[in-house]
Each structure stands twice: as structure tokens, then as C-alpha cells.
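Enquirer: The structure that follows is given in the form of C-alpha cells.
Throughout, read-outs are computed from the coordinates displayed, never taken from laboratory work. None of the values given here were measured: they were computed from a predicted structure. As a convention, Cβ positions derive from the backbone with ideal geometry for all residues, glycine included, and neighbour counts pool all protein chains shown.
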Amino acid sequence: MKNMAKQRLVGKDFVNIGVYTVLLMVVTFIVSIPFTPFMAVTYPFMAGFCALFSAPIFMLMTYKVAKHGAILLCTTVFGFIYTFMGHFYLLPIAFLSGIICEAVMWKHGAYRSFWHNVASFSIVSVLMFACGTYIPIYIFGPEYYMNLASSNSEYALIQIQYAMSPLWATVTVVTAVLLAVVGCLIGRRLLKKHFMKAGLVSKE
């Protein structure tokens, strides 16, 4: 019973998850800014670079909270924020990615396992960062997606062109996974070299 109680999210956990989720949003937004004016060329690589720079924050959250439900809550909040920004189709994708990640993290101690974190963040990177716009195009079709993004039709057309190209869709996914792994490697180094030594994250 005590172990079960320890695994439950408490007040400070919700605060930490909220803070790190906002940080993830801010980092992905800042990283995407240089890519936006050149989306016709850079779009397949934008998700990968967002994953690269946000992976250390993701790992800091998982290692610090280290309780089941943290990733699901993080991705769901992420999805709700994007919903308020007008991208409502990302909410179910965010929720699904969180469910899959929690399945990956189900084993005891997985939240502090490097390779479990790599797998989980790769899922987030692919489903939310890389394919967050591709999936609605595949499900509803290009015309419906154009109607959804009528205020940003130029960007929507670029996204559709890349989504409908098997080669570039593959490049988008592969780049996201590779840079997610590199970002997690950086995150592990930062955790060991700085956060664990400073006592911000416990080693156990």
C-alpha cells in the first residue's frame, strides 16, 4: 500500500508537470521560429530540431516526477494548449501519444530508465511534433485540412505537399527520431553532470 501511495501524483508533481509542459511549449515555439519563414524547404526538419532541444526538458520532468501518469498529463495539457491556439485536432493525438508512452513506461522504474525515456520521447516526437499535422491530412483528406487552416492556407499547402510525399514524410519521421535520441543523450549528460550533482533530481 505504501508503494502504491508513493506512485500517486501529488500536488508538487502536478506543479512540476505543469512547469515542464510550459517549458516544452516555449522551447518548441522558439526553435520553430527560424524555420517558419523558410517552411517550403525546412518543414521536414523542424520537428526534429524541436525534439532535439526539448528532449532534455522532457527527461528532467520524467526523472524528477518519476511517477506513472506524468507523461500522459504532460501531453494532454500540451494538446489542450494547442486546442486553445486553434489546433484542436492535436488534442486526441496528444492524448494517444501519452497513452502509448505510459504503456512503454509501465514497468517499475521505467521513468528513470534512459532507454524507456528514449522510446517514450521518440513516440511524442513522431506523433506530436513530426506527424501532428500529417495525421489529420491522412484521416480527413487535404481539402478538409485546407478548410481547417484557411487563415494559414500557404503553410497548410506546404504541409499537405510534404505529407503526401512518402519520401519526405519518411524523412520527417526519421529526422524526428534521430534527433530525439540525440536530445535524450544530451539530457542524460545534463542530468548526471548538473541536476543530480546539484540535488535537483535524486539518483534513486
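Enquirer: Distance check, please: which entries in K12/K192; K107/K193; K67/K107; K12/K67 exceed 20 angstrom between their Cα atoms?
Expert: K12/K192; K107/K193
Enquirer: I'd like the orientation of helix 114-124 relative to the chain: the angle between its Cα long axis and the longest Cα principal axis, in ° from 0 to 90, rounded to 10.
Expert: Result, in degrees: 30.
Enquirer: Here are several values of volume of the Cα convex hull per residue in Å³: [x] 230; [y] 180; [z] 115. Which one was derived from the coordinates shown?
Expert: [z]
Enquirer: Fewest to most neighbouring Cβ within 10 Å: what's the order for V171, V26, V181?
Expert: V26, V171, V181
Enquirer: Further question: What list do you get for S113, S165, S120 if you sort them by fewest beta carbons within 10 Å?
Expert: By the 10 Å Cβ count, ascending, the order reads S165, S113, S120.
Enquirer: With just the Cα atoms defining each centre, how far is region 117-191 from region 11-90? Give it in Å.
Expert: About 13 Å separates the Cα centre of region 117-191 from the one of region 11-90.
Enquirer: Report, to the nearest 10°, how far helix 11-32 tilts away from the longest principal axis of the Cα atoms in the chain, using its own Cα long axis and a range of 0 to 90°.
Expert: On a 0 to 90 degree scale, this one is about 30.
Enquirer: Using alpha carbons only, how many degrees (0 to 90, rounded to 10) separate the axis of helix 39-65 from the longest principal axis of the chain?
Expert: The answer is roughly 10 degrees.
Enquirer: I would also like to ask the following. I need the calculated FRET efficiency for the pair Y138 and R189, taking r as the beta carbon distance and R₀ as 41 Å, to the nearest 0.05. It would help to have the intermediate numbers written out before the result.
Expert: Numbers: r = 37 Å, r/R0 = 0.89.
That pair, Y138 with R189, gives E of 0.65.
Enquirer: Okay, next question. Quick check on the exposure proxy: order V10, V22 from fewest to most C-beta atoms within 10 angstrom.
Expert: V10, V22
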